[in-house]
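The values are calculated or read from the model by the stated rules, or taken from the named source; none is laboratory data. Predicted, not measured: the structure shown is a model, and the values here were computed from it. Methodologically, a virtual Cβ is constructed for each residue, glycine included, from the backbone with ideal geometry; neighbour enumeration extends over all protein chains shown. Quick note on the areas: whole protein, heavy atoms, side chains included, nothing else; ligands and nucleic acids left out. Shrake-Rupley method; radii C 1.70, N 1.55, O 1.52, S 1.80 Å.
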Amino acid sequence: MPLTAAGYMSWRARSLSLLSGTAFDLTQEAALFGALCRPEAGQRWLDVGTSAGYYAALLAGAGAHVLACDLSPAMLRVAQRRLRDLFPELGGIDWALLNGEQTGLPRASFDGVTIGATLNETSSPAAMLREAAALLKPGGQLWLMYLGRNGSLGQRALTRLGGLTFLDPAELGTYLPQMERRDLRRVREVVFERWVRQP
C-alpha cells in the first residue's frame, strides 16, 4: 500500500482521460466541481476516501473547513505531505482514519460531502451513500465521481477479480431517498453527480 499511495497522484492526474478515452484533466474536473458545488468559506465538508487529497485541497482553497478521511494510513500520510509541500499556506484540513461506510461522525453536521472513485472501491456503495446522506445538514450537497456501469467484459472481470463495483446512475436514487439529484454529467464512463439533502 505505501507504493500505491506514493504513486497514486500520478495515476489520478491521468486516470479520467485514460478511463474515459477522451481528454479530461484535473483542471477540467476542478472547474466542473467548482461551478456546480460552489464551496464557500466557512462551510464544513467531509472528503470521503481522500486518497491524495485532491478534493480536500480544492475545498480548503475555497476557504472551507475539511475533514479528509481514508481507510489507508499510507494514503493519509502521502496526502498530508503532498499538500504541505505544494501548498504550504493552505490550512483548514483535518485528517482522519475512518471507514466511509460507518464514520461514527455526528449526523447532519456537514455542509457538503465529496466521494470520488472510492465509491467504486467500497464493499458497499449503498452503505457509503446512506452514511454520506445522514451526515449532511438540510440543504447540504453530496458530490460524487465514479465509473458508471457499461456491461463490458473488462468491468465484469474487475468486479469478479478486483472487487470493484460499477454503478448505474439510475440506481443511486434508491440509496438516497432523502436527497434530490441536481446535476449529472458524464464523460463517457466517468460520472459526476451533485445531490442536495432535502429538509
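Details
- Any hit, segment 101-114, residues being closer than 18 Å to GLU29 by Cα, modelled with pLDDT of 95 or more and open to solvent by 40 Å² or more (accessible area, probe 1.4 Å): no
Yes or no, residue by residue, for (1) open to solvent by less than 60 Å² (accessible area, probe 1.4 Å); (2) modelled with pLDDT of 90 or more:
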site: GLY148; (1), (2): yes, yes
site: ARG156; (1), (2): no, no
site: THR159; (1), (2): no, no
site: GLY163; (1), (2): yes, no
site: PRO169; (1), (2): yes, yes
site: LEU176; (1), (2): yes, yes
site: PHE192; (1), (2): yes, yes
site: ARG197; (1), (2): yes, yes
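- Among the residues of this structure, ALA56 does not count as one that is buried (at least 21 other Cβ atoms within 10 Å of the Cβ), closer than 23 Å to PRO125 by Cβ and at pLDDT below 95.
- Among residues of segment 143-179, those that are of a type in the set (Lys, Arg) and not in a loop (DSSP other than H, G, I, E, B), counted: 2
- Matching residues, segment 71-99, being over 24 Å from GLY42 (Cβ atoms) and touching a Gly at 6+ places or on another chain (Cβ under 8 Å): LEU71, ARG82
- Verdict on LEU97 being in contact (Cβ under 8 Å) with a residue 12 or more places away in the chain, open to solvent by 70 Å² or more (accessible area, probe 1.4 Å) and out of contact with any Phe, Trp or Tyr (no Cβ under 8 Å at 6 or more places or on another chain): yes
- Failed criterion for VAL66 (all others in (1) open to solvent by 10 Å² or more (accessible area, probe 1.4 Å); (2) closer than 23 Å to ARG38 by Cα hold): (1)
- Residues in segment 180-199 that are within 12 Å of LEU136 (Cα to Cα) and in a strand (DSSP E or B) were compared, and the one that is farthest from the chain's Cα centre (by Cα) is ARG197.
- Checking ASN120 against (1) open to solvent by 30 Å² or more (accessible area, probe 1.4 Å); (2) modelled with pLDDT under 95; (3) part of a helix (DSSP H, G or I), the condition it does not meet: (1)
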